[in-house]
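Note sheet for the following structure.
The values are calculated or read from the model by the stated rules, or taken from the named source; none is laboratory data. Bear in mind the structure is a predicted one, so any value in this text is a computation, not a measurement. Cβ atoms come from the backbone with ideal geometry, glycine included; neighbour counts cover every protein chain shown. With ligands, DNA and RNA removed, areas are computed over all heavy atoms of the protein, side chains included. Shrake-Rupley method; radii C 1.70, N 1.55, O 1.52, S 1.80 Å.
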Amino acid sequence: MNAVRTLPWDWYPGRVPENVMVHENAYLETTYSFQLFQSRAATAIEIGSASSIYLGVMFDLGESARVKIGDYVLMNGARIICDSEITIGDYCLISWNVVLKDTRRLPLDPVQRRSELEQVPARVPRRAAVPVPSSPIHIGTNVWIGFDCCVLPGVSIGEGAVIGARSVVAADVPAFSVAVGNPARVIRNLKPNG
């Protein structure tokens, strides 16, 4: 990133927001990742040393959202939907089409949801704006989340865990375990050092 917060290699003519901290050794492929970014937090996003944020990653952050990405994280094509806080530990692999969402952004009640959806076309940008509860997501060190997974609000994934492709993680996953399915269930435990 240069002094005017653009990326010299970027195909998109955008800027990295002022409240996004990118370590000098990290790689951020495109500023298009901030198209849905609205956070006004003093430090909304921290991207750690040697982390790589590739094409397709989208930071859809609400006004007070905070995201912290550790060191040596590889993220490709993930969608981060955050209204409170999402933390990703060091040495994590977040695969293609993973969705991390600490909020549902719409009410569960069908009448309220319908009313909100009817109002979206009149807004610029078009987006749901109902205040609904959010609950932080915490992803430990050395976690691998396979492609097409969805991690729901309030989930913690322990150190060294592996989440199988296309899983929906609705409850905490213990450290050094493999969880798969919809909803994700632990199917085996891993050795911490092997």
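Gain on full extension, evaluated as 0.36 nm per residue between Val111 and Arg188 minus their Cα-Cα distance, stands at 23.6 nm. Placing unit charges on the Cβ atoms only, positive for Lys and Arg and negative for Asp and Glu, gives the chain a dipole magnitude near 500 debye about its Cα centre.
The longest stretch of the chain left intact once loop-based GluC sites (Glu not before Pro) with at most 14 other Cβ atoms within 10 Å are removed from consideration, loops following DSSP, is 64-194. Other residues whose C-beta falls under 11 angstrom from the C-beta of Ser64 contribute a net charge of -1, scoring Lys and Arg +1 and Asp and Glu -1. Electrostatic bookkeeping for Glu159 treats Lys and Arg as +1 and Asp and Glu as -1; over the other residues with beta carbon under 15 Å from its beta carbon, the sum is -2. What you get for the range 1-76, charging only the Cβ of Lys and Arg (+1) and of Asp and Glu (-1), is a dipole of about 140 debye around the Cα centre.
Charged side chains reduced to their Cβ positions (Lys and Arg at +1, Asp and Glu at -1) give the range 91-194 a dipole of some 220 debye around its Cα centre. When Ser51, Ser64, Ser84 are compared by accessible area at a 1.4 angstrom probe, the order from most to least is Ser64, Ser84, Ser51.
Projected label points at Leu93 and Ser135, each 7 Å from Cα along the beta carbon direction, are separated by 2.9 nanometres.
Annotation: Trp11 carries an accessible surface of approximately 150 Å², with a 1.4 Å probe and no ligand, DNA or RNA atoms counted. Other residues with beta-carbon under 15 Å from the beta-carbon of Phe34 carry, at +1 per Lys or Arg and -1 per Asp or Glu, a net charge of 0.
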